[in-house]
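Each remark here refers to the structure printed beneath this line.
The values are calculated or read from the model by the stated rules, or taken from the named source; none is laboratory data. Source: prediction; values computed, not measured. Note: ideal-geometry Cβ built from the backbone for every residue, glycine included; neighbour counts use all protein chains shown.
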């Protein structure tokens, strides 16, 4: 791994998970330059991740590390209620995240693009680009087989603006357990595995640990997308020996929500949402209600049913 020269700005991508947290801790402990830490918030991360956010933000503040939350900001809504999170996007368009279809565009849209946009407006980046240099970006892929495969898909990519470094993988050879030990040695709690709450890559036990209000949203997303699905069963795409392709089916099988509650969401919520969108389409965009308002109403309604 080639170390960045003194005049190249360094930015780290922090996904609020184990690997990137350990990477930043160790990088700083070794006295290396770190100019900014960027966290891309999809607006639908796990509640445990949002709870961890201020813990590590304080750690960075105590060390004078500049850190920023970045978000994808849609600009055009056609006839739709404005949406600002990946959850709202899926409900608006009656679809699932791209990972459920075996693609990766949700990461590009909701994580990589907002980080790149922030860097494009960063004075340190523009200064180095003007003289033909690059920004160094730290990525928290670890030395596990899974992350090694992820890296293999990126190996050899040349970017005119960035040099990408993978210190966990190439320099320190740390797997996930090593990352956990480093975080614990720092005296910090270990963050949860990071992902949005409708991610196809969540394991069964991760879903089982989600709070009830999040499970209801999962049922809602799959019910909303169901009429358009052909070769995909649900958020998990297809069934395996260990679990169904539908998270709703898993929630039902595990008894994580009452069957009557699941049935009520599946039968009623998508219809109500379509009515909301139809009414919103007739309202000028500057006064149009946001998708967030409908979701808040949905959450209030299921809470009343459960009371």
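Condition check for residue 136 on (1) under 13 Å from the mean Cα position of the chain (by Cα); (2) under 19 Å from residue 14 (Cβ atoms); (3) crowded, with 19+ Cβ neighbours inside 10 Å: one failure, at (1). In the condition set (1) under 28 Å from residue 136 (Cα atoms); (2) in contact with a helix residue (DSSP H, G or I) (Cβ under 7 Å, 6 or more places away or on another chain); (3) not in a loop (DSSP other than H, G, I, E, B), residue 90 is compliant with all but (1).
Restricting attention to the range 21-64, the residues that are in a loop (DSSP other than H, G, I, E, B) and crowded, with 17+ Cβ neighbours inside 10 Å add up to 5. Here residue 71 does not qualify as more than 23 Å from the chain's Cα centre (by Cα) and modelled with pLDDT of 95 or more. Considering (1) surrounded by fewer than 21 Cβ atoms within 10 Å (Cβ to Cβ); (2) under 28 Å from residue 235 (Cα atoms); (3) in contact with a strand residue (DSSP E or B) (Cβ under 8 Å, 6 or more places away or on another chain), the lone condition that residue 196 does not fulfil carries the number (1).
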